[in-house]
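As structure tokens, the structure follows; a few thoughts come after it.
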């Protein structure tokens, strides 16, 4: 007020350029705060549980990200998220600030499983943007730790929070790591619905923010398909001209659509150069790596043309029907969302309003390798999962995904509820089952094998009992109650997955069950981790396991047959496998 009324500069706190809001410090603290939770496997909801490398995790995404941080630190090549756009009532947050009557909260049902009050973030809320920022900031902060050095994050957003999202992403990922703000076309019905309010023009586009982990990383060359029915359009190298003489047999391939980039004579010379390279390197076609080819080529003074092999085993100068023009920030040829793609899977039932479309995410997948680990922690309709299935079927890739979704309850009178789907997770999982079955059937006809399974895990409290008691809780049977420190409803696989989290073992690792001396033993990734949670374990069981020299071994404290087994435990491992990391729950 003094400055507004004064013609002179009024002294005050030193100014600096920054972006802040109420609760930001708490949001940073929340990102780093420990949690006492675990992930429990659910075989009955999974598809091909024992073989798949894909994960579908039900639970609050912040807790899940924290649990995954150690296991997947720097291992995720691509993250895509479609978070709430904060348009009013489109997301529910934990209200830790407003104190209201307990009776009101209980009657309104606005509590989560932890007893925190849940409130819709309406536009009338005075902390409208603040609450959204406090929700997004810690999740993005943890997500950054998961990205690999060559990794990207793609975030869908619209006008409501795009400016704030840019600012927090600049802070978390680094302003130098901002790559692009892509525009994608919205459907006509969505645009009209906005315009019907008559207070704004209909928004015809949405945005995708792209950030990389490293500022010096460069995009790979992008390729996108072209309509083959247009005469000549599939060969941009020859500027649309169809040259039958450029279709000849090479490596047993005679192009029917597309044509060779080089003449037959030049290709034959390139083959000779390639054979010369293999001879110089002392390697076979199966053994040679792309790095070997690049290094050898760089050392040649005459720079001969090389016939390189693509990841699909085709000569690199074969031109498939694609456009090799580098993509720009206008993805207006793509439609960002439509109910039709999912509705067709659900027998004509519109179970989602405007889910993201697979072509959008399939284009993002072009930015990473064909064996990349992909994550979506606002999974929603599970479009990222289906897009990964489709992309792998298209190019025989081995991409894996981790999808995370809060099990939000579907609306009481919704089409989804009427069809028996109580939560968003049930819908997402069913979509993956149906889409996967169709993709698998199509891929098998073409001789491809595609992993269309997924392993369902559910966020839950720790498997371990709470061993801390207040004096008023102590009863005569307290020692009997605490004889076993594992909760009664937890299975051996529950314990195994908690151990996998603690020991940084991938949650998609292959699990095998067998018996040793009549006791059930679980092995993970060919004896990398061995666990035995059975009762009455003897020295013979421990000795057999130690002789296998696992990296990790885990057993329950209550599993030993008697005290002598615990006494001999260390001696046995020192004798047969002293480097094994041992853990007793």
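The values are calculated or read from the model by the stated rules, or taken from the named source; none is laboratory data. Note that the structure is a prediction, hence the values are computed from the model and not measured. Cβ atoms come from the backbone with ideal geometry, glycine included; neighbour counts cover every protein chain shown.
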**Item:** Out of 347, 353, 371, sole residue that is in contact (Cβ under 8 Å) with a residue 24 or more places away in the chain and either assigned to a loop (DSSP other than H, G, I, E, B) or surrounded by fewer than 19 Cβ atoms within 10 Å (Cβ to Cβ) (or both)
**Value:** 371
**Message:** For the range 386-401, check the following and say yes or no: at least one residue is crowded, with 23+ Cβ neighbours inside 10 Å, within 17 Å of residue 429 (Cβ to Cβ), touching a strand residue (DSSP E or B) at 6+ places or on another chain (Cβ under 8 Å) and in the same structural domain as residue 73 (by TED's automatic domain parsing).
**Reply:** yes
**Count - residues of the range 534-554 that are closer than 18 Å to residue 499 by Cβ and out of contact with any helix residue (DSSP H, G or I) (no Cβ under 8 Å at 6 or more places or on another chain)** = 5
**Asked** Considering 524, 505, which residue is in contact with a helix residue (DSSP H, G or I) (Cβ under 8 Å, 6 or more places away or on another chain), at pLDDT below 95 and under 18 Å from residue 71 (Cα atoms)?
**Response** 505
**Request:** Kindly provide the set of residues from the range 174-203 that are at pLDDT below 95, in contact with a helix residue (DSSP H, G or I) (Cβ under 8 Å, 6 or more places away or on another chain) and surrounded by fewer than 16 Cβ atoms within 10 Å (Cβ to Cβ), ordered by number.
**Result:** 200, 201, 202, 203
**Fill in**
Of 275, 286, the only residue that is out of contact with any helix residue (DSSP H, G or I) (no Cβ under 7 Å at 6 or more places or on another chain) and modelled with pLDDT of 75 or more is 275
**Request:** Looking only at the range 493-501, decide whether some residue is surrounded by fewer than 16 Cβ atoms within 10 Å (Cβ to Cβ) and either in contact (Cβ under 8 Å) with a residue 40 or more places away in the chain or in the same structural domain as residue 52 (by TED's automatic domain parsing) (or both).
**Result:** no
**Request:** Give the residues of the range 204-217 that are free of Cβ contacts under 8 Å to residues at least 40 places away in the same chain and either in contact with a strand residue (DSSP E or B) (Cβ under 8 Å, 6 or more places away or on another chain) or surrounded by 20 or more Cβ atoms within 10 Å (Cβ to Cβ) (or both), sorted by residue number.
**Result:** 204
**Item:** Qualifying residues in the range 152-168 (those that are outside any strand (DSSP E or B) and touching a strand residue (DSSP E or B) at 6+ places or on another chain (Cβ under 6 Å)) - the one surrounded by the most Cβ atoms within 10 Å (Cβ to Cβ)
**Value:** 165
**Request:** Please give the number of the condition residue 36 fails out of (1) more than 13 Å from the chain's Cα centre (by Cα); (2) crowded, with 20+ Cβ neighbours inside 10 Å.
**Result:** (2)
**Asked** Do we find a residue being under 22 Å from residue 182 (Cβ atoms), in a helix (DSSP H, G or I), in contact with a helix residue (DSSP H, G or I) (Cβ under 8 Å, 6 or more places away or on another chain) and touching a residue at least 40 places away in the same chain (Cβ under 8 Å) anywhere in the range 402-418?
**Response** no
**Complete:** Residue pairs within 6 Å by beta carbon, gap of at least six or interchain, first lying in the range 545-559 and without any contact (Cβ under 8 Å) to a residue 40 or more places away in the chain, second assigned to a helix (DSSP H, G or I) and surrounded by fewer than 24 Cβ atoms within 10 Å (Cβ to Cβ), listed first then second, are 546/572; 546/573; 546/576; 547/576
**Request:** Identify, from the list 171, 149, 106, 123, the residue that is at pLDDT 85 or above, farther than 23 Å from residue 404 by Cα and surrounded by fewer than 19 Cβ atoms within 10 Å (Cβ to Cβ).
**Result:** 171
**Message:** Suppose the filter is surrounded by fewer than 18 Cβ atoms within 10 Å (Cβ to Cβ), under 17 Å from residue 154 (Cα atoms), at pLDDT 85 or above and more than 23 Å from the chain's Cα centre (by Cα); does residue 330 pass it?
**Reply:** yes
